[in-house]
1. Just list whichever of Lys79/Lys130; Lys5/Lys45; Lys79/Lys176; Lys124/Lys176 have alpha carbons separated by over 20 Å in the model shown.
2. With r defined as the distance between the Cβ atoms of Thr63 and Ile165 and R0 fixed at 35 Å, what FRET efficiency is calculated, to the nearest 0.05?
3. How far apart, in nanometres, would the label points at Met56 and Leu183 be if each is projected 7 angstrom from Cα along the Cα-to-Cβ direction?
4. Roughly how many debye, to the nearest 20, is the charge dipole of segment 77-189 about its Cα centre, given +1 on each Lys and Arg Cβ, -1 on each Asp and Glu Cβ, and no other charges?
Amino acid sequence: SSDYKMYYDMAELYARTGFYNATDYIVVVAPNIVLYIILLGEVFKVFGSTLLTAQMVNMVFLTGCITMVYLLAREFFGKKVSFLAALGLSLSPSYLLFSLLPSTETVAFFPYLAGMVLFLRALKTEKTGKRIGLAVVCGLVLGFSNEIRSNALIALIALSLWALIYKCRKSEYGFKRVFVLLLVVLVVVYAFGLGTDVIRDEVFMGKKSN
């Protein structure tokens with residue numbers, strides 16, 4: 001069976017049997033997508049365990065993805081290109097496909113893009129306290145994305161290289177600012193992942209052993 005059917009079946013089990021009855025099975029079979037299953041399962045509890053409900057979740061996050069792509073492109077290129085980038089994503093065959101199935105792609109991609117936007121905003125912020133605060137939020141958002149699909153740090157590395165090579169050369173941002181922000185985000189992402197591992201092992205697996 002496909003991954004998409006597995007996602008649906010797990011979320012339906014979560015909605016039908018409850019948090020503690022379902023998480024034993026989910027943690028063992030698919031520990032990397034526990035947050036996604038919990039999210040989809042909670043929505044199933046409210047709107048019913050149907051494919052239409054899963055599609056509704058996808059459309060909400062896909063709309064968020066389109067918005068984040070617009071904001072990212074505007075940071076780099078301006079309004080005209082940002083509109084074309086958002087339009088291109090909205091018409092992308094792969095995203096049209098993902099919107100029809102219970103999938104982790106759109107749910108993970110939204111915080112992935114939002115983290116990129118937050119990182120750029122943090123770079124541009126002059127007040128140190130606000131800049132660090134944005135970096136912490138960026139780390140939390142990327143940490144959440146990384147727990148669903150573990151590729152969020154690729155974007156962070158790419159943005160850091162862009163900032164160091166392009167912006168530092170133009171004296172817009174110093175090396176220290178980029179390094180500190182990157183370090184803060186990495187520490188928060190690591191702490192987020194470590195925290196979810198501890199919860200998964202101590203709460204779910206510990207409950208099972210007892």
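1. Details: Lys79/Lys130 26 Å; Lys5/Lys45 18 Å; Lys79/Lys176 30 Å; Lys124/Lys176 13 Å.
Listed pairs above 20 Å: Lys79/Lys130; Lys79/Lys176.
2. Numbers: r = 33 Å, r/R0 = 0.94.
The calculated FRET efficiency here is 0.60.
3. About 4.7 nm separates the two model spin labels.
4. Working: 13 positive and 4 negative charges, 131 e Å.
Here the size comes out at about 620 debye.
No value in this document is a laboratory result; all are computed from the given coordinates. Being a predicted model, the structure only gives us computed values, none of them experimental. Cβ sites come from the backbone with ideal geometry, for glycine too, and all protein chains shown count toward neighbours.
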